[in-house]
1. Accessible area of the chain with a 1.4 Å probe: how many percent of it is carbon plus sulfur?
2. Please compute the per residue accessible area over the chain with all protein chains in place, 1.4 Å probe, rounded to a whole number of Å².
3. Could you sort Cys61, Cys158 by their accessible area in this structure, using a 1.4 Å probe and putting the largest first?
4. Place a +1 charge on the Cβ of each Lys and Arg in the chain and a -1 charge on the Cβ of each Asp and Glu, then give the dipole magnitude about the Cα centre in debye, rounded to the nearest 20.
5. Once Lys and Arg get +1 and Asp and Glu get -1 on their Cβ, which of Val62, Tyr73, Pro32 lies farthest toward the positive end of the dipole of segment 31-83?
6. Which shape class applies to segment 79-190: rounded if a/c is under 1.5, otherwise prolate when a/b exceeds b/c and oblate if not, where a ≥ b ≥ c are the square roots of the Cα gyration tensor eigenvalues?
7. How would you classify segment 50-130 from its alpha-carbon gyration tensor, with a ≥ b ≥ c the square roots of the eigenvalues: rounded for a/c under 1.5, else prolate if a/b is greater than b/c, otherwise oblate?
8. What size of dipole, in debye to the nearest 20, comes out for segment 97-160 about its Cα centre when the only charges are +1 on Lys and Arg C-beta atoms and -1 on Asp and Glu C-beta atoms?
Amino acid sequence: VVFLDFPRYDTPVGNIIRRYLAGEFGSLTATPARFASLPYAIDRHLAAQEIRAALARNAVCVANRYKSSNHAYQAAKLSLDERNAYHAWLDDLEFNTLGVPEEDLLVLLNIPVADASRLVRGRNEPDIHEANLDYQSAVLAEYLRLAAQKPHWKVVECAEAGTLLSPDAIHERVWGVVRDHFSRTISPLG
């Protein structure tokens, strides 16, 4: 198993992303969606060879955030009419132009925005994406809109009756999705 965490802040491209998220290049809406997408896409491009090598040796790659984050976070800045063109552009950029491997399974943790905000604020100072709860709500709505269109995106509900589930309960739900995916995609040995 190979674990990947995007963006990779310890790289030169990651430093640009860190500066963007700190607001150094302007407010949330000052940076156009396609332009803001580029450093994230380049970061994944720079990791693509490592990912392909891992997949070639039959490793399972688990990424904490991937291209879907660009899809949701940047599309949330756009009108509904502009989003489909943006998504097509981003897929072409990452998969065709930059050669980033496409995911087989995406597990989306559906956490209520207020709970997600509380968790972020307990960990660090919110960045320009995290600090705006209206924007976070728009991002979550875009994630869920995309998940309804993409069969390989699986939504894991992380709250019941307005109460955030325990990490163990969320883990069990995620593992159930992963186990089901593996049972359909990996042939049993022997």
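1. Numbers: 6100 of 10880 Å².
Carbon-and-sulfur percentage of accessible area, whole number: 56.
2. Solvent-accessible surface per residue comes out at 57 Å².
3. Ranked from most to least accessible, the order is Cys61, Cys158.
4. Dipole magnitude for the chain comes out near 220 debye.
5. Val62
6. Numbers: a/c = 2.00, a/b = 1.09, b/c = 1.84.
Note, shape of segment 79-190 comes out oblate.
7. Numbers: a/c = 2.46, a/b = 1.26, b/c = 1.95.
Verdict is oblate for segment 50-130.
8. For segment 97-160, the charge dipole is close to 60 debye.
The values are calculated or read from the model by the stated rules, or taken from the named source; none is laboratory data. Because the structure is a prediction, the values reported are computed rather than measured. Quick reminder, even Gly has a Cβ in these numbers, built from the backbone with ideal geometry, and neighbours come from all protein chains shown. Remember, those area values only see protein heavy atoms, side chains included, never the ligands or the DNA or RNA. Shrake-Rupley method; radii C 1.70, N 1.55, O 1.52, S 1.80 Å.
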